[in-house]
1. How big is the accessible area of M103 in square angstrom, nearest 10, if you roll a 1.4 angstrom probe over the protein chains?
2. Report the extension gain between Y3 and E86 in nm, rounded to one decimal, defined as 0.36 nm multiplied by the number of residues separating them, less their alpha carbon distance.
3. Leaving ligands and nucleic acids out of the surface, order Y3, Y12 by accessible area at 1.4 Å, largest first.
4. Any idea how far apart V57 and K75 come out in nm if each label point goes 7 Å out from Cα toward Cβ?
5. If each of A107 and D122 carries a label point 7 Å out from its Cα toward its Cβ, how far apart are those two points in nm?
6. Can you list the residues, at least 5 places off or on another chain, whose amide H is less than 5 Å from the amide H of Q88, using H built in the peptide plane?
Amino acid sequence: MKYKVTLNGRTYEVEVEAGKAMLLDEYEAIAPAPAAPAAAAPAAAPAAAPAAAAAPVITGNGTPVEAPMPGNILKVNVNVGDAVKEGQVLVVLEAMKMENEIMAPKAGTVTQVVVTKGSTVDTGAPLVVLA
């Protein structure tokens with residue numbers, strides 16, 4: 001089997017045969033890629049600014065349930081006024097391509113839902129307030 005491998009800007013054509021590897025050809029990699037990231041960088045900067053500006057404000061009375069890690073909110077399972085049991089899933093948080101269920105630490109009533117589906121949170125950010 002033949003493979004092309006790029007390492008440190010150099011492309012190597014390698015043939016692997018029954019446990020042996022043999023270098024067939026070596027050449028400089030053509031790099032049109034730097035133009036694409038430069039165009040993508042301005043688009044990423046405005047997207048980051050609104051996320052940093054939006055700081056959640058807790059207005060409900062009670063104990064906030066905080067995000068254990070940074071991530072994106074995939075699902076909010078409760079509304080203000082809902083009675084929840086200890087261990088009930090309040091929010092589904094995606095972090096590192098894993099869905100994490102954030103559960104109620106105690107039984108109570110939801111006095112405020114701080115996050116919405118699609119929002120981004122940092123570690124320690126309030127998600128829901130329970131009384």
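1. Answer for M103: close to 90 Å² accessible.
2. Answer, rounded to one decimal: 24.4 nm.
3. Correct descending sequence by accessible area is Y3, Y12.
4. Here the modelled spin labels are 3.1 nm apart.
5. 3.6 nm
6. Amide H to amide H, under 5 Å and 5 or more residues apart or across chains, Q88 pairs with A104.
The values are calculated or read from the model by the stated rules, or taken from the named source; none is laboratory data. Everything quoted here is computed from the prediction, not taken from an experiment. Cβ atoms come from the backbone with ideal geometry, glycine included; neighbour counts cover every protein chain shown. Please note that ligands, DNA and RNA were not included when accessible areas were found on the heavy atoms of the full protein model with its side chains. Shrake-Rupley method; radii C 1.70, N 1.55, O 1.52, S 1.80 Å.
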